[in-house]
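Undergrad: Mind having a look at this structure? Questions to follow.
Coordinate-derived values only; no laboratory data. Predicted model, so just to flag it, every value in this text is computed and none were measured. Neighbour counts run over all protein chains shown; Cβ positions are idealised from the backbone, glycine included.
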Amino acid sequence: MTREQKSLWLHAAVVLVLGALYFVLPEYHAGNLARIMVLAVYAMGYNLLFGYTGLLSLGHAMFFAAGMYGFGLAVNHGGLPAGAAVLIGIAATLVVSVVVGFLALRTRDVAFMIVMLMFAQTGYLIILYFGEFTRGDEGFVVQQAQRGLFGFDLSAQGIRYWAALILFSACLLGIAKGVNSRFGKALVAVRENEERARMLGYDTHRLKFLAVVLSGVLSGAAGAAYGLLFGYIGSTFATVQYSIFPLLWVLLGGAGTTLGPFVGVLFMFYLIDLSSFLTDAYMFIAGIALLLLTMFAPKGIVGQIRASRVPWLP
């Protein structure tokens, strides 16, 4: 069996296991897993830019929030149905990612990271400034009647779980296919040695621009889906915190791996969730655990397994 075939079977097995878990998990954990799958799509978008292209961003919350607010405002103020509103959210993210990519890629390395952070902070301030429409810090709730898609009520837990699984599966299999394509390998070449890639004839600026746009659109799709499935649109999702989260998820799970983002979100979500039952200082416990993991598994959970035991892991 070839490496690509093993990868395909592994991704299919992950999807099947997640589908089977719905029938055995308690309601609380099924709800958590639906949320984790949506956030994992956000982490996949970040991983495409950071893990595969080597561009460190501290501004990805603007993409997530663009998709979320594009959806939420289209539903609340535009009166559009959920399906059209999701497309509006994705289109808004596409516009933002094209503009940001065009401007931010005039810089490199640390300057790129700082410029992305500045753009994200601008987006956050815009949300607060137009509080008449966005409700500022308070945010707003998308009503149950507005969360129907193709005749399904996505506020119902069971339907929400399967909708999250469909989104997660499509993105996971799409990423797995994409990173093994010529385009995906070209991104890795840029990450490993941009100058050499340029000497080999690759248009590295174009590749990085496409990576920013694809990463942004994937993150925005996750934001729109989060608003649709969980019914809340809030400025918290545009803060620096939500730009740092995907970086932590990817580092914990394994940068440059297809399953790393999901594993990272799963690990960190339950680390914080379980710690909060033990003490009010749960972030202290979470911080120690994250520090230990970083020290003893610097390539992340999936990355470390690939490096030491299973070299064919995607």
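Undergrad: What is the count of Lys pairs in the chain whose alpha carbons sit under 21 Å apart, if the two are 8 or more places apart or on different chains?
TA: Taking the chain as the scope, the lysine pair count is 6.
Undergrad: For Phe23 and Ser308, what is the calculated FRET efficiency with R₀ set at 41 Å and r taken between the beta-carbons, to the nearest 0.05?
TA: The calculated FRET efficiency here is 0.75.
Undergrad: 7 Å from Cα along Cα→Cβ at both Val99 and His205: what's the point-to-point distance in nm?
TA: Computed distance between label sites Val99 and His205 equals 2.1 nm.
Undergrad: Next question. Treat the count of other C-beta atoms within 10 Å as a stand-in for reagent exposure and order Ser276, Ser235, Ser181, Ser215 from fewest to most.
TA: If I rank by nearby Cβ atoms, fewest first, I get Ser181, Ser276, Ser235, Ser215.
Undergrad: Taking the Cα-to-Cβ direction at Tyr282 and at Phe130 and moving 7 Å from each Cα, how far apart do the two end points lie in nm?
TA: For Tyr282 paired with Phe130, the spin-label model returns 3.4 nm.
Undergrad: What ranking do His77, His11 get, fewest neighbouring Cβ atoms within 10 angstrom at the top?
TA: Ascending Cβ contact count within 10 Å gives the list His77, His11.
Undergrad: Using a Gaussian network model on the chain with a 10 Å cutoff between Cα atoms, which of Ala74, Ala34, Ala66 fluctuates the most?
TA: Its mean-square fluctuation being the largest, the pick is Ala74.
Undergrad: Between Arg106 and Thr236, what length comes free when the chain is fully extended (0.36 nm per residue of separation minus the Cα-Cα distance, one decimal in nm)?
TA: 43.9 nm
Undergrad: Which ³J(HN,Hα) values in Hz, rounded to whole numbers, follow from the phi angles of the stretch 17-30 under the Karplus curve 6.51 cos²θ - 1.76 cosθ + 1.60, where θ = phi - 60° and Gly and Pro get x?
TA: Coupling constants for the stretch 17-30: 5, 5, x, 5, 4, 4, 7, 10, 7, x, 4, 4, 6, 5 Hz.
Undergrad: Taking H placed 1.01 Å from N in the peptide plane, check which residues at least 5 places from Tyr232 or on another chain put their amide H under 5 Å from its amide H.
TA: For Tyr232, whose amide H was placed from the backbone, the distant partners under 5 Å are Val142.
Undergrad: Hey, what do the phi angles of the stretch 208-214 turn into as Karplus ³J(HN,Hα) couplings, whole Hz, using 6.51/-1.76/1.60 and θ = phi - 60°, x for Gly and Pro?
TA: 5, 4, 5, 5, 4, 5, 5
Undergrad: Working only with C-alpha atoms, what are the Rg and Dmax values of the chain, expressed in angstrom?
TA: 19.1, 58
Undergrad: Defining a contact as two alpha carbons under 8 Å apart and six or more residues distant in sequence, what relative contact order in percent does the stretch 179-261 show?
TA: Dividing the mean separation by the residue count of the stretch 179-261 yields 13 percent.
Undergrad: Please identify, among Leu16, Leu229, Leu200, the residue showing maximal mean-square fluctuation in a Gaussian network model of the chain using a 10 angstrom Cα cutoff.
TA: Comparing Leu16, Leu229, Leu200 in the GNM, the peak value goes to Leu200.
Undergrad: Also, I was wondering about something else. Going by C-beta contacts inside 10 Å, put Ser57, Ser7 in order with the fewest on the left.
TA: Going from sparsest to densest Cβ surroundings: Ser7, Ser57.
Undergrad: Would you kindly derive the ³J(HN,Hα) couplings of the stretch 121-131 from the backbone phi angles with the Karplus curve 6.51 cos²θ - 1.76 cosθ + 1.60 (θ = phi - 60°), listing them in order in whole Hz, with x for Gly and Pro?
TA: Result, ordered by residue: 5, 4, x, 4, 5, 4, 4, 5, 5, 9, x Hz.
Undergrad: How would the stretch 67-136 be classified by its alpha-carbon gyration tensor: rounded, prolate or oblate, with rounded meaning a/c under 1.5 and the a/b versus b/c comparison settling the rest?
TA: Judged from the Cα gyration tensor, the stretch 67-136 comes out oblate (a/c at least 1.5, b/c at or above a/b).
Undergrad: Post the alpha-carbon centroid distance, the stretch 153-213 to the stretch 19-89, in whole angstrom.
TA: Each part reduced to its Cα centre gives a spacing of 15 Å.
Undergrad: So, one more: Just to be sure I understand the model, the point goes 7 Å from the Cα along the line to the Cβ. What's the resulting Ala145 to Lys6 distance in nm?
TA: About 5.5 nm separates the two model spin labels.
Undergrad: Given springs between every Cα pair under 10 Å in a Gaussian network model of the chain, which of Gly59, Gly158, Gly51 has the largest fluctuation?
TA: Top of the fluctuation ranking is Gly158.
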